[in-house]
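A.B. asks: Mind having a look at this structure? Questions to follow.
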Amino acid sequence: MAAGDFWNNQEKAQATVLELKGLKSVVVPLKEASDSAQDLEGLLEILDEDESAREEVQSEIERLEEAVDQLELKALLNGPHDAAGALLSVHARDGGVDANDWAAMLLEMYIAWANREGYEVELMDRQDNEEAGITQATIAVRGPMAYGYLKGEEGMHRLVRISPFNAEGKRQTSFAAVDVSPEISDTFEVEIEDKDVREDTYRASGAGGQHVNKTDSAVRLTHMPSGVVVQCQSERSQHKNRAQAWKMLRARLARIEEERREEEQLAKYQTKVRQKGFGSQIRNYFLHPDQRVKDARTEHLQNSFHAVMAGDIQEFLDAYLRWRMAQNAAN
């Protein structure tokens with residue numbers, strides 16, 4: 001990083017910076033925990049001579065236990081792409097306008113979580129619904145272990161509430177699907193035949209007025225063998241959108257390959273974004289009759305719906321990592 005030509009290749013430089021952050025996120029806490037363990041030995045010696053130090057020693061033990069617990073969680077982020085950034089897409093599913101609104105709420109939840117955790121977020125694509133919410137959207141979340149933490153969010157998310165779009169005030173169940181792929185670098189090889197990919201261009205949606213995009217700058221790629229579709233309209237240049245779309249396609253196909261390996265190892269429960277409707281959800285969100293959020297896999301429960309919507313989802317992510325560890329141990 002100290003080399004004079006380090007920033008000549010921006011993408012490679014950013015990948016190196018991200019790798020450094022990922023390493024520091026483990027090495028620094030590990031060293032701090034190791035140093036604290038040595039300091040604790042000195043505190044225990046003081047306790048042998050001074051009983052009044054007991055409260056301080058107990059507090060330090062609890063702090064150190066929490067630090068070790070977090071290190072153990074990070075040790076579970078050992079997948080081939082876990083250290084990478086994440087491409088997270090949210091799609092409205094069953095539930096009409098409520099589902100569009102719910103998809104937009106989920107998108108904001110993940111953005112809020114990323115901001116809380118110090119991650120960088122970039123909006124790659126957003127398709128707004130005419131009445132409310134979104135049809136689908138994709139964001140890039142960049143920072144240490146972003147994909148490792150977020151990959152467990154892939155699947156169907158179910159919301160139960162009194163519909164704000166129903167004049168009769170009836171309870172409505174809505175579904176939104178989340179898809180997560182690693183943001184892999186161009187140096188990672190994913191074999192894609194050009195003949196297998198169909199490219200479509202269209203006008204990007206905008207705010208109107210002088211900012212309306214008057215050219216077909218948005219790009220949609222369809223990988224015909226797998227049925228994977230990606231699209232990007234975040235840049236004004238069609239060339240840049242095409243490059244981003246190809247990166248997203250490579251990421252999705254890398255995720256499919258990773259899932260295939262996981263299925264071979266576990267040969268059991270997997271969540272798929274293409275699953276639809278009741279019974280396939282990975283998490284249930286309730287605003288009626290009470291306010292709570294419960295994960296269908298880990299059974300982790302949080303009793304504040306609004307806190308979760310404000311980005312307080314780290315406990316769900318940690319619970320999923322522990323659940324996967326238990327699944328691996330059982331198999």
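The values are calculated or read from the model by the stated rules, or taken from the named source; none is laboratory data. A quick note: this is a predicted structure, and the numbers were derived from the prediction, not measured. Here the Cβ is made from the backbone with ideal geometry for all residues, glycine too, and neighbour counts use every protein chain on show.
A.B. asks: Give the residue that is farthest from TRP102 (Cα to Cα), with candidates limited to residues of the range 157-181 that are under 23 Å from the mean Cα position of the chain (by Cα) and not aliphatic (A, V, I, L, M).
C.D. replies: If we take residues in the range 157-181 being under 23 Å from the mean Cα position of the chain (by Cα) and not aliphatic (A, V, I, L, M), then SER181 is farthest from TRP102 (Cα to Cα).
A.B. asks: Still on this model: Can you find, within the range 146-173, the residue that is farthest from ALA84 (Cα to Cα) among those that are crowded, with 22+ Cβ neighbours inside 10 Å and of a type in the set (A, V, I, L, M, F, W, C)?
C.D. replies: Once the filter is applied, the top-ranked residue is LEU159.
Here's the yes/no breakdown for (1) surrounded by 13 or more Cβ atoms within 10 Å (Cβ to Cβ); (2) over 30 Å from HIS223 (Cα atoms); (3) at pLDDT below 90:
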{"residue": "MET248", "(1), (2), (3)": "yes, no, yes"}
{"residue": "TYR269", "(1), (2), (3)": "no, no, yes"}
{"residue": "PHE278", "(1), (2), (3)": "no, no, yes"}
{"residue": "ILE282", "(1), (2), (3)": "yes, no, no"}
{"residue": "VAL308", "(1), (2), (3)": "yes, yes, no"}
{"residue": "TRP323", "(1), (2), (3)": "yes, yes, no"}
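A.B. asks: Between residues in the range 291-314 that are in contact (Cβ under 8 Å) with a residue 40 or more places away in the chain and residues that are surrounded by fewer than 16 Cβ atoms within 10 Å (Cβ to Cβ), which pairs lie under 6 Å by C-beta distance while being six or more apart or on different chains?
C.D. replies: Partner pairs satisfying both residue conditions: GLY311/ARG116.
A.B. asks: Considering only the range 75-121, state which residues are β-branched (Val, Ile, Thr) and touching a Leu at 6+ places or on another chain (Cβ under 8 Å).
C.D. replies: Across the range 75-121, the qualifying residue is only VAL90.
A.B. asks: What are the pairs, 6+ residues apart or on separate chains, where a residue within the range 132-148 that is at positive phi and outside the structural domain of GLU19 (by TED's automatic domain parsing) has its Cβ under 7 Å from a residue that is modelled with pLDDT of 90 or more and in a loop (DSSP other than H, G, I, E, B)?
C.D. replies: Qualifying pairs under 7 Å: GLY143/GLY118; GLY143/TYR119.
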